[in-house]
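Before any comments, here is the structure.
The values are calculated or read from the model by the stated rules, or taken from the named source; none is laboratory data. These figures come from a predicted structure and were not determined experimentally. Please note: Cβ atoms are built from the backbone with ideal geometry, for glycine as well, and neighbour counts cover all protein chains shown. Ligands, DNA and RNA are excluded from the accessible area calculation, which covers all protein heavy atoms including side chains. Shrake-Rupley method; radii C 1.70, N 1.55, O 1.52, S 1.80 Å.
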Amino acid sequence: RRFDWSYADERVAEFQKLGIHLLLDVMHFGTPLWLKQAVGDPEFPDALETFTDALVTRYRGAVNTFCPFNEPLVSALFSGDFGFWPPHQRKWRGYMPVLSRIVQAVSRATRAIRSAAPEATVLLCDAAENYKTRTKDLQTEVDRRNLRRFLVMDLLLGRVDHHHPLYSWLTSYGLSE
């Protein structure tokens, strides 16, 4: 893949001239059109890792803090649960494959940052949704959704095992051990 860095090069150079220290999101929201299923595409983890390596290699030294993927939970929700964004999946069966690819991509992008610029700071940033209900019948679902807000970070940090409160839920929807 070839990347056109001209727009970014101008801005990074100007920030350096002004003495402004950048924090750079490798990915905020959106993917290239060739990833037909966006963050749910099987090629997404590899694509983000490749792009991260190229970006960090180019700007290491000029940028010392990189966020591999802004708010991965939001992308998982909007792409794999609510169906607003590609691949427009809905409900838990649609959510799990998207979540899995996003977590793999963030992990691989983090590895690419560490490899290309070991001295750089990796910033993991995510949303923290909060659900409430007045309807007792919905409490189990509300509790699950409130636990889910930390799931991307739990998966990235290796906190999901047989003792995790969402373990059986995750594996029942196809996430492998």
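A few points about this structure:
- Whole-number percent relative contact order across the range 61-116, with pairs defined as alpha carbons under 8 Å at least 6 apart: 29 percent
- Using a probe radius of 1.4 angstrom, the carbon and sulfur fraction of the accessible surface of the chain is 52%.
- Rounded to 10°, Cα long-axis angle of helix 44-59 versus longest principal axis of the chain: 30 degrees
- Inter-part distance where the range 51-82 and the range 94-109 are each reduced to a Cα centre, Å: 12 Å
- The amide H of N64, built 1.01 Å from its N in the peptide plane, has L22 as neighbours under 5 Å, considering only residues 5 or more places off or on other chains.
- Per-residue ³J(HN,Hα) for the range 143-149, Karplus 6.51 cos²θ - 1.76 cosθ + 1.60, θ = phi - 60°, Hz, x for Gly and Pro: 4, 4, 5, 6, 5, 5, 4
- Reachable lysines, given that their alpha-carbon falls under 26 Å from the alpha-carbon of K91 and they are not under 8 places away in the same chain: K36, K132, K136
- Cut-off under 5 Å, modelled amide H: who pairs with M27 long-range: F69, N70
- Computed over the Cα atoms of the range 95-177, the ratio of the radius of gyration to the Kirkwood radius (Rg/Rh) comes to 1.05.
- For D25, solvent-accessible area (1.4 Å; no DNA, RNA or ligand), Å²: 50 Å²
- Ligands, DNA and RNA aside, S168 has an accessible area near 80 Å² when probed at 1.4 Å.
- The accessible area of R144, taken with all protein chains in place and a 1.4 Å probe, comes to roughly 60 Å².
- Rounded, prolate or oblate (a/c below 1.5 giving rounded, otherwise prolate when a/b exceeds b/c) for the range 35-86 by Cα gyration tensor: oblate
- Computed on the range 1-154, with alpha-carbon pairs under 8 angstrom and 6+ residues apart, the relative contact order is 25 percent.
- Relative to the Cα centre, the charge distribution of the range 1-146, modelled as +1 at Lys and Arg Cβ and -1 at Asp and Glu Cβ, gives a dipole magnitude of about 360 debye.
- Label selected from (i) 1.13; (ii) 1.86; (iii) 1.59, the criterion being Cα Rg over 2.2 N^0.38 Å as computed here: (i)
- For the range 12-25, 3J(HN,Hα) per residue [Karplus equation, 6.51 cos²θ - 1.76 cosθ + 1.60, θ = phi - 60°, Hz, x = Gly/Pro]: 4, 4, 5, 4, 4, 4, 7, x, 8, 8, 8, 10, 10, 6
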